[in-house]
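Quick note: the coordinates plus some simple rules give every number you see, no bench work behind them. These numbers were taken from a predicted model, which means no experiment stands behind them. Note that each Cβ is placed from the backbone with ideal geometry, even for glycine, and that neighbours are counted across all protein chains shown.
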Ligand code: ADP
Ligand code: MG
């Protein structure tokens, strides 16, 4: 059983949650569904709410990847997943980073787990149903990991079909979910290659900071190699600007450069930098339930609508 989490008081409202300062390109609940120009002068169209589903699956598999750490991969996996679940999608989150931050961020004491994704990768007899756990969000499950996964990276190297281990592991549940999100580790090593090899598409969070574009060429190179050698159908789903600080010119300039470089691949949804996200990690729940009316929760809902529309 999980040990109870330290008491986390409900959040106090922040100014930014009240949508006090208006910045071009911000998303507000109740925005007119008209086309508007965002902060980088792009014509953006509000994406409508997705239609409810009557049956589920097969899942779209989306790898959330960027070899740079601290860009919001784990945060985006949790909160995009929770927003998709709010729209009635069945979601499986795959923690594919031995740090186990995704599991911890959902209130799971990852180091205490006896079976994790490691067992699915390395043991033929392991049953995925014994590893999948529900989360506090209805319709969203978790395939947890912990530090054991770092051993898999080493042990897989000598295996036949080492790049397909994750694909084999999740295959039995593809029909049960609408979306499977894989939270990748911050490297382009074998674990990330496994995620790209079984994914339909990749979502790249990119922090709006100087130098954030530097590693992107290497990531694009890796995506090219995976498409040529392992997974010809892999698409880039989109690039998500994170850690955006609307008060500084510099982050706006960075986002502008990202849009110049990648055009329509860049999602209209922008994730602002806010203390709400570190708070959610302590609380062990997504921002959509922790601070449901916050700007951050709205931004991930908008991302979810865009993802479903792409
Ligand atoms: P990654 O998985 O790419 O390493 P994380 O999602 O773990 O990145 O984020 C790194 C840290 O930044 C975490 O402490 C997280 O709470 C915090 N964080 C993530 N997104 C935001 C944001 N939009 N604003 C402020 N802090 C954030
Ligand atoms: Mg992470």
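Computed over Cα pairs, the Kirkwood radius of the chain leads via Stokes-Einstein (1.567 mPa s, 4 °C) to a diffusion coefficient of 66 µm² per second.
Label zone of residue 289 (point 7 Å out along Cα→Cβ, amide N under 20 Å): in the range 44-84 this covers 74-84. Among 210, 96, sorting on how many other beta-carbon atoms sit within 10 Å of each Cβ, with the fewest leading, yields 210, 96.
Estimated purely from DSSP H runs of n ≥ 4, each contributing -39500 (n - 2.57), the mean residue ellipticity at 222 nm for the chain is -9500 deg cm²/dmol once divided by its residues. Using all pairs of distinct alpha-carbon atoms, the Kirkwood hydrodynamic radius of the range 170-234 works out to 13.1 angstrom.
Give me the distance between the Cα centres of the range 206-282 and the range 98-151, rounded to whole Å. One Cα centre to the other: 27 Å.
Put in order of Cβ neighbour count within 10 Å, fewest first, the listed residues 47, 157, 254 become 157, 47, 254.
Once the Cα gyration tensor of the range 199-310 is found, what semi-axes does its equivalent ellipsoid get, as square roots of 5 times the eigenvalues, in whole Å, sorted largest first?
On the way: eigenvalues 133, 67, 33 Å².
Those come to 26, 18, 13 Å.
Once both labels are positioned 7 Å from their Cα atoms along Cα-to-Cβ, the gap between residue 123 and residue 56 label points is 2.6 nm. Taking N as the residue count of the range 76-192, its C-alpha radius of gyration divided by 2.2 N^0.38 Å amounts to 1.00. As a proxy for reagent exposure, 129, 148 were ordered by neighbouring Cβ count within 10 angstrom, fewest first; the result is 129, 148. For the range 239-284, the fraction of C-alpha pairs farther apart than 17 angstrom is 39 percent.
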